[in-house]
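Reviewing the structure listed below.
The values are calculated or read from the model by the stated rules, or taken from the named source; none is laboratory data. This structure is a prediction, so every number in the text was calculated from the model and none was measured. Counting neighbours? That spans all protein chains shown, and the Cβs are built from the backbone with ideal geometry, glycine included. Quick note on the areas: whole protein, heavy atoms, side chains included, nothing else; ligands and nucleic acids left out. Shrake-Rupley method; radii C 1.70, N 1.55, O 1.52, S 1.80 Å.
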Amino acid sequence: MVFNNIVVAYDGSDHAVDAVMKARDFALADPEVRIHVVFVTTHPNAQLPASFNNSSFDPEQYLLSVEDVMDLYNRTIAEESEKVKAGLGVEGVEDQVSIDVIPGYTPADDIIEFAKEIEADLIVMGSRGLGAIRGVIGSVSYAVLRESTIPILVIK
């Protein structure tokens, strides 16, 4: 097969599920194909209050130890991974699929960076996701199409 290392951008939307199904078709045709389902979750730093001048902001609540932060981070990743697993239909190719939940700030950039890190040869994604603006193609899909040097298959 031409594509052996596939990244599927996943956000839980019906379009993302369709993208997973297309990647599953590739994997069913060739046991060498590896699918990396990537879900970008909010980076812990992005969850801090937008304004520290807000009278309701209590800085004491954000004074956590490194261990507390790592525990919270690991729990969040585990919870998000379970949500992603519950939404996938990868019967028959489970051993060819990995689920990667990554913290990020900008999903399009994070998807592209992840694909580069694992040396993907194809990115598969739905045309519109949960956070997309109305239109023919979602804002994340459009940004990945515009910025990626890796081939992209957009599933309508």
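Just one of (1) farther than 23 Å from Ser127 by Cβ; (2) among the charged types (D, E, K, R); (3) modelled with pLDDT of 90 or more trips up Asp109, so point out which.
For Asp109, the exception is condition (1).
Out of everything in the stretch 4-37 that is of a type in the set (Asp, Glu) and open to solvent by 50 Å² or more (accessible area, probe 1.4 Å), what residue ends up being modelled with the highest pLDDT?
So, considering only residues that are of a type in the set (Asp, Glu) and open to solvent by 50 Å² or more (accessible area, probe 1.4 Å), the one modelled with the highest pLDDT is Glu32.
Take the residues of the stretch 80-107 that are in a helix (DSSP H, G or I) and touching a strand residue (DSSP E or B) at 6+ places or on another chain (Cβ under 9 Å): which is most open to solvent (accessible area, probe 1.4 Å)?
Lys83
Could you grab the pairs with beta carbons closer than 8 Å, sequence gap of 6+ or different chains, first residue in the stretch 4-15 and within 15 Å of Ile118 (Cβ to Cβ), second one among the basic types (Lys, Arg) and modelled with pLDDT of 95 or more?
That search, which allows pairs on different chains as well, returns Asn4/Arg34; Asn5/Arg34; Ile6/Arg34.
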